[in-house]
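Below: the structure, in structure tokens.
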Amino acid sequence: MKLATATVHGRFQLLHNDHLEYILKAISLCDHLIVGITSYNIRERVKIESAPHRFVSQNNPMTYYERTKMITEALLDEGLNPCSFSFSPFPIETPGLLPDFIPLNFPCFTTICEEWNRKKIQTLEEIGYKVIVLKENPAKEIEGSKIRNLIINNDESWKKIVPRATIKAVEEMHIQERLLTISNSHN
């Protein structure tokens with residue numbers, strides 16, 4: 001039986017093929033999927049001890065709007081009805097705020113790729129969400145940091161592990177220049 005409404009969540013900095021697979025699997029299990037954007041305010045990032053990489057400027061080059069636009073284009077490219085998904089901030093970094101954005105009765109789909117995912121599951125369950133694990137990988141196959149570094153180093157191999165919408169976003173939004181500026185300001 002399909003769920004009426006459920007959520008997925010992630011930073012999606014940048015959207016890659018594993019992210020897209022995760023979102024598509026979740027959307028196949030519900031009538032409407034809310035794509036939660038974590039670290040939605042890139043100007044005021046909250047540091048999390050169990051996931052310090054989420055706080056680093058270079059790991060957060062895209063705004064909330066830019067990420068929703070990129071994901072929307074990727075999902076439309078997959079033939080999805082635009083009424084079958086929507087977006088919301090997903091403040092996992094300040095979990096007390098989550099129910100202000102996502103009702104507690106909406107299940108949260110997730111994957112487990114690292115210890116941080118287990119902490120998120122625990123946090124979500126403590127707040128009162130039902131968590132459904134879609135996939136557990138002992139190691140990430142694709143990492144956003146690798147993609148961002150390939151872009152910085154002008155290595156186009158990253159284009160093989162992201163949807164077409166991500167390539168378009170990187171080009172149109174001048175993400176390489178943005179990443180280089182951020183990288184140079186921290187060296």
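Name every residue in region 1-24 that is touching a residue at least 12 places away in the same chain (Cβ under 8 Å), aliphatic (A, V, I, L, M) and either surrounded by fewer than 22 Cβ atoms within 10 Å (Cβ to Cβ) or closer than 18 Å to residue 59 by Cα (or both), in order of residue number.
3, 4, 6, 14, 15, 20, 24
Confirm whether residue 66 is under 18 Å from the mean Cα position of the chain (by Cα) and within 18 Å of residue 173 (Cβ to Cβ).
The answer is yes for residue 66.
Pick from 184, 149, 105, 117: which is in a loop (DSSP other than H, G, I, E, B) and either touching a residue at least 40 places away in the same chain (Cβ under 8 Å) or not hydroxyl-bearing (Ser, Thr, Tyr) (or both)?
Every option except 105 fails the conditions.
Return only the number of the condition from (1) out of contact with any Lys or Arg (no Cβ under 8 Å at 6 or more places or on another chain); (2) of a type in the set (Lys, Arg); (3) not in a loop (DSSP other than H, G, I, E, B) that residue 140 does not satisfy.
(3)
Would you check which residues across region 152-181 are assigned to a loop (DSSP other than H, G, I, E, B) and not polar (S, T, N, Q) and list them?
Of all residues in region 152-181, those assigned to a loop (DSSP other than H, G, I, E, B) come to 153-155, 161-163, 173-174.
Scanning region 152-181 gives 155, 161, 162, 163, 173, 174.
Name the residues in region 49-69 that are at pLDDT 80 or above and either of a type in the set (S, T, N, Q) or touching a strand residue (DSSP E or B) at 6+ places or on another chain (Cβ under 7 Å) (or both), would you?
Within region 49-69, the first condition is being at pLDDT 80 or above, and the residues that meet it are 59-69.
Those that are at pLDDT 80 or above and either of a type in the set (S, T, N, Q) or touching a strand residue (DSSP E or B) at 6+ places or on another chain (Cβ under 7 Å) (or both): 59, 60, 63, 64, 67, 68.
The values are calculated or read from the model by the stated rules, or taken from the named source; none is laboratory data. Note that the structure is a prediction, hence the values are computed from the model and not measured. Neighbour counts are summed over all protein chains in view; Cβ atoms, including those assigned to glycine, are modelled from backbone coordinates with ideal geometry.
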